[in-house]
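Contents: one structure, followed by commentary.
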Amino acid sequence: MGTFVNVEPGVKLYVEDINPGGSKTIVFIHGWPLSHKQFEYQFDVLPAMGYRCIGIDWRGFGNSDKPISGYNYNRLADDIRAVVGALQLHDFTLVGHSTGGSIAIRYVSRYKGHGVSKLVLVDAAAPIGFTPETANKFLHEALNDRPKMMREVTDGFFFQYITAPFSEWFFQLGLQAAGWSTAAVVVMLRDEKLDADLPLVSVPTLIVHGIHDKVIPFQQAQELHRKIRDSQLVPFHYSGHGPFWEERSKFNQVLSHFIS
């Protein structure tokens, strides 16, 4: 069931709420520059297992409104808080992939984990996001040839073979975003850091990371594991930046086991 939630005057986020009557709730936060649809292969399976699955499109991405401003960790975390309040969510598992993992960390630190019982970080872009060199390259391409940038993102995302139709589908997910929001988040990933947030994460945390990740190196997952109390690290040995698809059966199993 899709709905829109007002997060500030003139800005609504798209929220997909699957199996609202489920016994346990999982809130998914996608990565840059994608949308909640990246979790299709979780939404296909987990609701049938009894979970309520909620996918949120950030402002500027997917089906959400695309304002010119608000692309920083605090505002994006505030947006998540607005959705949590509107849907009256509590005792839920928060799952964030890549930049979505960074937003999830900021949400937990900024709001003292409001409503979150468990946190799952999937190839999280934390405590740092892009190096200045990578960010500046993406920024130039986002502002001059965004389809080329998205093709490069797609080509470097996965370790396992992907079919041409899947590649095209994934490519189109990224192009649903606005150009200005795509570029603004690159700047955020370059300039904002999350080191001070990590000691403030006080909920049980599962860290999932593909060891072949070319976007966010596996070493960053190890750093998160060292700095987040009550965390566990599960390496995915046949994945790059997308274990939610590359090893989706294992991912769904590890996630459901952690929640239960």
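The values are calculated or read from the model by the stated rules, or taken from the named source; none is laboratory data. Everything numeric in this text was worked out from a predicted model, so none of it was measured. Note: ideal-geometry Cβ built from the backbone for every residue, glycine included; neighbour counts use all protein chains shown. These area figures cover heavy atoms from the full protein model, side chains too; ligands, DNA and RNA do not enter into them. Shrake-Rupley method; radii C 1.70, N 1.55, O 1.52, S 1.80 Å.
Some notes on this structure:
- The fraction of accessible area contributed by carbon and sulfur in the chain is 54 percent, rounded to a whole number (1.4 Å probe; ligands and nucleic acids excluded).
- Helix-only CD estimate at 222 nm, as mean residue ellipticity for the chain, using -39500 (n - 2.57) per DSSP H run (n ≥ 4): -12000 deg cm²/dmol
- Estimated at the nearest 10 Å², the accessible area of residue 114 is 80 Å² with a 1.4 Å probe.
- Charged neighbours of residue 1, selected by a Cβ distance under 10 Å, balance to -2 (K, R count +1; D, E count -1).
- Part-to-part distance (alpha-carbon centres) for the stretch 51-80 and the stretch 140-204, which is given in Å: 14
- Across the stretch 2-259, Cα pairs under 8 Å and at least six residues apart give a relative contact order of 20 percent.
- The mean accessible area for residues of the stretch 2-259, using a 1.4 Å probe and ignoring ligands and nucleic acids, is 39 Å² per residue.
- Zone residues, the stretch 225-260, relative to residue 117, backbone N less than 14 Å from point 7 Å out along Cα-to-Cβ: 256-260
- Here the stretch 2-259 carries DSSP beta bridges of which approximately 25% are antiparallel, counting only pairs with both residues inside.
- Remark: relative contact order (the stretch 188-260) = 31 percent; criterion is Cα-Cα distance under 8 angstrom and separation of 6 or more residues.
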